Structure formats: C-alpha cells, structure tokens
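Here, each number is a calculation from the coordinates, and none is a lab measurement. Keep in mind that what you see is a predicted model, and the values were worked out from it rather than measured. Glycine gets a Cβ as well: all are built from the backbone with ideal geometry, and neighbour counts include every protein chain shown.
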Amino acid sequence: MPGSVEDYFEVDSLDRDFYLWSLFLSAEQKLNNNWTMTLGAGHGQRPPTLTELYAMSSFIGSLQRGLTALNGDPLLKEERLTQIDFGLQGNFDKARFGAHSYFSWIDDMITYDSLSPSGGAGGVGGFPVSAQFVNTDHAILAGFETYGEVDLLPCLTSFGTISYIEGRDLGRNKSSRFGGSGDDRSGITDRSHESLPGITPLESRLGLRLHDPTPKQTWGLELAARIVDRQNRVATSLEEIQTPGFTTYDMRFFKRHGPWLFTAGIENITNKYYREHLDYRSGRGVFRPGVNFYSGVELTY
C-alpha cells in the first residue's frame, strides 16, 4: 500500500497552480424592423476541480452507470475552449421567433478512462468499478436552440422550443497515467473517436397557452407536450446505455393578484413510464415517478 497521497498518485508534490484567461466578443445587428442578428466568438479556460485532481476511489454519481469509483490525477491540464455563436431573432405583431447555435473546440477536455468493466450481476451493483479522470487531446461541442410563439387569438398563443447538443471526443489516442498504454483508453484500441458521455438527446416542447388578453397577463393556463428523442449517441467505452424516446404532457396555471403570484400544475398527466437519459442505471435503474402535482406562491415587494 502507498505510504502517502503523493505515492498513491505517483507524484512528487500535490501543489498545482493554474494561470487562466478568457476573452469574448459579441456583436448585434438589426437587419430591419423585425429581424436582429447576433454573432459572438470567445475563448475560455477551466482548471480541474479538486475532485478531478485528488479523488481517491471516491464513489461519486457522475457517469450514467451510477456510483463510479473515481480517481483523480494531480497532473491534469486545464481545459481550453474556443467557441463561435450565431443567433437570429424575429419579432412581429403576432409572432416571435428565435434561434441560437454554437460550435466549440475544446483542447485537453477532462473526461474519463474506464479502468475496469462493470460488476454485472456478480459485481458491486453493476456499475464500473473504477474510472480515472484524463485529458483528451481534442473534443467538440455543437448545438442549437430555437423557440417560437404565434398569437392565434388575443387570448390564445401557440409556442414551441427545440434544443440539440452534439459532443464528440476526437482525441482518444491517449489513456490515463493509470490506464492502458498508448491509445488503449477504456480498454478500446480500435476507436479514434466516439460521443462524449452525458450528452442529452434532442428535445422539443409544444403547447398552447390560454391567457389574459391584456398586457398585464394576470392569469394563464398552459397545456404542453414534452417530446424527447431516443439517444443513441453514447460513450460505449464507458458503458453508457442508449435510451428510448418518450413524450409527456403537462398542464400549468398561474394567477396574479397584486404582489402575489399563485401557480399550480400537473406533470406527466398520462402517467408515462419513462426515465431520462442521465438517470441512474445500476441494476434495473431508476424510473421517473408517475403523475406529479405541484403548487406555489410568490410574493414580490
């Protein structure tokens, strides 16, 4: 057994210093009375967290499989991200639209190297026994978000949103210091890239809102469908599991009375049996509860 934390991580010292910088530029251009365009570009850096640097087989719920025994690495580098953004907004008398997209290049992104496979039926709950934090040379993140509203009547508005994220690990040619050798990360030697772990699937929300036709918006009743696509873009080397899509239906009501705001609603009206892509997966996993009721009161003064 190692006699010290330094011995455990095979380093001479645990001290780390990071000197970081960031820069972001943005511009907005009004194209006409209805449309506005935005552009942006930036660079930012993130140091490793204390967990990523110094965890010693700590059971932490990070990967989809559940409580993974995570090991840090005091020699991790900071992440460096460069991103470009583009947005477009439209504002009309009876309609509002908008879209925003981005593309990011990430150098030395901190991800995982699976040191041992899942326990399975004879293991410890079926989750990966051990995983190591590691810098991957190159990764990308890209995505978009859109929204729209159309006033069908003075008191009735239709609305919708769509969001999507794509993440790829392009530098799987290096394992962690305590993993395999060369490109043998997570025990895989024939794969130069794969999806990043923990990426949510395509999701949209569509609905109708019955509301006070006056500008004060003193009350409103909203019916909406949340539509989530199946997620097959997974990090298979980290035993991430694909997830089927699902649709749930929700209802929400609000009423303003002076400084008071009263809200109430029902989620998953049809009692759909489902789970989110990032929900706990050890054993049979954890599914979402059925019909949910909620209410709230807010005082503004």
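Any lysines with Cα under 27 Å of the Lys77 Cα? List them, leaving off those in the same chain fewer than 8 positions away.
The qualifying lysines are Lys174.
For percent of Cα pairs over 30 Å apart, pick the label among [x] 50; [y] 26; [z] 39 that corresponds to the value derived from the coordinates.
Structure-derived value, by its label: [x].
Can you pull the one-decimal nm distance between simple spin-label points at Thr38 and Met56, each 7 Å off the Cα toward Cβ?
Between Thr38 and Met56, the simple spin-label model gives 4.6 nm.
Past 27 Å, Cα to Cα, is the threshold; run Lys94/Lys255; Lys94/Lys216; Lys94/Lys272 against it and keep the listed order. Mind dumping the intermediate values first?
Details: Lys94/Lys255 23 Å; Lys94/Lys216 17 Å; Lys94/Lys272 34 Å.
Correct reply: Lys94/Lys272.
I need the phi-derived Karplus couplings for the range 85-96: 6.51 cos²θ - 1.76 cosθ + 1.60, θ = phi - 60°, integer Hz, Gly and Pro marked x.
Per residue, the Karplus-derived 3J(HN,Hα) values read 10, 9, x, 9, 10, x, 10, 10, 4, 10, 8, 9 Hz.
So who's got an amide H within less than 5 Å of the one on Glu276, skipping anything under 5 residues away but keeping other chains? H placed 1.01 Å off N, in plane.
Those qualifying (amide H under 5 Å, at least 5 residues apart or on another chain) are Arg288.
Hey, if you put +1 on the Cβ of every Lys and Arg and -1 on every Asp and Glu Cβ in the range 5-299, which of Ala264, Ile110, Leu210 ends up farthest toward the positive end of that dipole?
In the range 5-299, that residue is Leu210.
Subtract the Cα-Cα distance of Phe24 and Asp279 from 0.36 nm times their separation in residues, and report this length gain in nm to one decimal. Can you show the working numbers first?
Numbers: separation 255, 0.36 × 255 = 91.80 nm, distance 3.40 nm.
That works out to 88.4 nm of additional length.
Which value at 222 nm does the chain reach when only helices count, each DSSP H run of 4 or more adding -39,500 (n - 2.57), with the total divided by all residues and rounded to the nearest 500 deg cm²/dmol? Intermediate results must be reported in sequence, preceding the final value.
Values: 2 runs with 10 residues, N = 301.
Dividing the helical sum by the residues of the chain leaves -500 deg cm²/dmol.
If we count other beta carbons within 10 Å of each Cβ, what is the order of Leu31, Leu53, fewest first?
Lowest to highest Cβ neighbour count: Leu31, Leu53.
Run the numbers for Leu221 and Arg288: contour at 0.36 nm per residue of separation, minus the present Cα-Cα distance, in nm.
Gain on extension, Leu221 to Arg288, equals 21.6 nm.
In square nanometres, what is the average projected area of the Cα convex hull of the range 165-301? Write out the running numbers ahead of the final one.
Details: hull surface 50.4 nm².
About 12.6 nm², averaged over all directions.
For the range 188-247, run through the trypsin sites (Lys or Arg not before Pro) and keep only the ones in DSSP coil with at most 14 other Cβ atoms within 10 Å of their Cβ. All intermediate terms of the calculation are to be shown ahead of the outcome.
Values: sites: Arg191, Arg205, Arg209, Lys216, Arg226, Arg230, Arg233; in loops: Arg191, Lys216, Arg230, Arg233.
Within the range 188-247, the qualifying trypsin sites (Lys or Arg not before Pro) (loop, at most 14 other Cβ atoms within 10 Å) are Arg191, Lys216, Arg230.
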